[in-house]
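To start, the structure itself, in structure tokens.
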Amino acid sequence: MIVSERVSTILKLALPASVGMFSTMVMEFIDLLMVGKLGARSLAAIGIAGLSHVFVLSFVVNISPIIQGVVASQLGEGRRGALGSVLNGGLVAGLLIASPLVIICYWISPWYLALVSSDSFVAQEATPYFRVVIFASLAVGMNCCFEGFWRANGNTRVYMLIVIFANLLNIFLNYIFIFGNFGFPEFGVLGAGFGTFISLNAALLCWVVLALRTKFASGFLFAKPSVVMLKKLVTRTLTLSVGDAFFFLGMLVFFSIVAQIGSAELAVVTVLARINLLLLIVPEAIGLASATLVANALGEGLSVQASQWGWDAGKMAFLAVLLLGLPLLLFPSSVLSVFFTDPKTINMAITPLQLTAIFSSLISLIYVFGYILFSLGDGGRIMAISFILQWLIFLPVAWFLGPQLSYGFLVVWSAYLIYGVVTAFCIVMVWVRGEWKKLEV
């Protein structure tokens, strides 16, 4: 297959996925705007509960790349008849992981939210909202199984359409339940929880109907997954989830380190982190797409072609982020003025933003090769690399350079970007060594 055909194949899979992820980010921003009309304390309530929910979801959503890798490999081997049992196994594994978390979080939520918030009003507003959305975690886990299953078939367009439908439904339901429109009671913050719960379960219903109507998921709800398959799915998902949890906590520690430098610096790092996340949507989508292609090739016994798919995806992600970062590099003040009005804060953020535009193209390789390796079942080494570099090297260095030596935000943020580049280099080296070619997906 010539280069242009390989690029076209990756783009065909990656673009719908990136549209779906971008729509989710936009809808989350709109959710915050809608709740923000209720007041700052209501916004704080949904913020603290939402952040806690994201942490819980980090243990659930990682079933998606695991399912994707297994299904894509079996498709490459020509074992289409067993796909329904894999999907069923993923749904069971997702429920096994999510159910205990839901029960625990539901009961401890009043105590936990009162602990993390010094404002009793915020805690009281956050608790019922959190209790509603935490039950939505069950739907999230099953949705992620279906997403990984359909991505493995190369059909990211279905994922895009269902995600957009769920997000639009969520906005409409928020409008009804938050403000009490169309004759419904005004639930306030709790209404946002109702909107999230219903929209996620509506998406799940779409996935179930689709699975029942297509031969691709033959055996859905009936084919019994093997104990070996269940063990594989649960073990790989938990490995990835524990790593994500440590990374999430590490970012919270990093933000607390920046907060010790100053409140303006904390505001800047919050914006820069959001911009960086936006830049990395495209490489994440490319990673999602290329994982299917690599696993398919390995299933067919074509390890050289599998390696080429990975390198092509890495090059595409690098160039895409480089181009997306050009406006940040050339017009940093214009971009920052959207978020800040204080000239001093804008000036402080200009150089860090330009460095972000430069280094993000290299950091994007984490999302390509990391996702592929996770989907192939090589998540253990990736998690070890991430943990060592973040917790044993970067965070101590950031604390020493910032609060201890008072070098300022620019130096600390530069250390963060360098940590990202080093992580990307180490993950690429794992790919270069090629031990993933010998794994049983």
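The values are calculated or read from the model by the stated rules, or taken from the named source; none is laboratory data. Note that the coordinates shown come from a computational prediction; the quantities given were computed from them, not determined experimentally. Glycine gets a Cβ as well: all are built from the backbone with ideal geometry, and neighbour counts include every protein chain shown. The protein model used for the area step is the full one, side chains on, heavy atoms only, and it has no ligands, DNA or RNA in it. Shrake-Rupley method; radii C 1.70, N 1.55, O 1.52, S 1.80 Å.
Calculated from DSSP H runs of 4 or more alone, at -39500 (n - 2.57) each and per residue, what is the 222 nm mean residue ellipticity of the chain, nearest 500?
Details: 17 runs with 357 residues, N = 441.
Rounded to the nearest 500, it is -28000 deg cm²/dmol.
Sorted from greatest to least, the principal axis extents spanned by the alpha carbons of the chain come out as 59, 52, 35 Å. Under a 10 Å cutoff between Cα atoms, tell me which one of Ser290, Ser303, Ser334 has the largest fluctuation in the Gaussian network model of the chain. Maximum fluctuation in the GNM of the chain, among the listed residues, is at Ser334. Across Gly188, Gly310, Gly180, mean-square fluctuation computed from a Gaussian network of the chain (C-alpha pairs under 10 Å connected) peaks at Gly180. Calculated FRET efficiency, Leu323 to Phe222, Cβ-Cβ distance, R0 = 51 Å: about 0.60 to the nearest 0.05. Of Thr237, Thr351, the order by accessible heavy-atom surface (1.4 Å probe, DNA, RNA and ligands excluded), from most exposed downward, is Thr351, Thr237.
Structure remark: mean-square fluctuation, Gaussian network model of the chain, C-alpha springs under 10 Å; the largest value among Ile97, Ile393, Ile281 belongs to Ile393.
The calculated P(r) of the range 202-262, using every Cα pair and 10 Å bins from 0, goes 17, 22, 27, 18, 11, 5 in percent. Residues Trp399, Trp111, Trp436, ordered by accessible area of protein heavy atoms at a 1.4 angstrom probe radius and largest first, appear as Trp111, Trp399, Trp436.
Residues of the range 129-158 with backbone nitrogen within less than 16 Å of a virtual label 7 Å along the Cα-to-Cβ line of Val209, please, listed as ranges. The answer is 158. Between Lys315 and Phe400, the simple spin-label model (points 7 angstrom out along Cα→Cβ) gives 4.0 nm. Between the alpha-carbon centers of the range 235-302 and the range 188-224, tell me the distance in whole angstrom. Taking the Cα centre of the range 188-224 as reference, the centre of the range 235-302 is 26 Å away. Scaling the Cα radius of gyration of the range 30-165 by the globular reference 2.2 N^0.38 Å produces a ratio of 1.27. Put Phe172, Phe197 in order of accessible area, highest first, and with a 1.4 Å probe you get Phe172, Phe197. Between Leu51 and Phe179, the simple label model (points 7 Å from Cα in the Cβ direction) yields a spacing of 2.8 nm.
After finding the eigenvalues of the alpha carbon gyration tensor for the range 200-317, what semi-axes result from the square roots of 5 times each, listed largest first in whole Å? Provide the component values of the computation, followed by the final result.
Values: eigenvalues 261, 96, 56 Å².
Result for the range 200-317: semi-axes of 36, 22, 17 Å.
With the simple model of a label 7 Å out from the Cα in the direction of the Cβ, Ala264 to Leu161 spans 5.1 nm.
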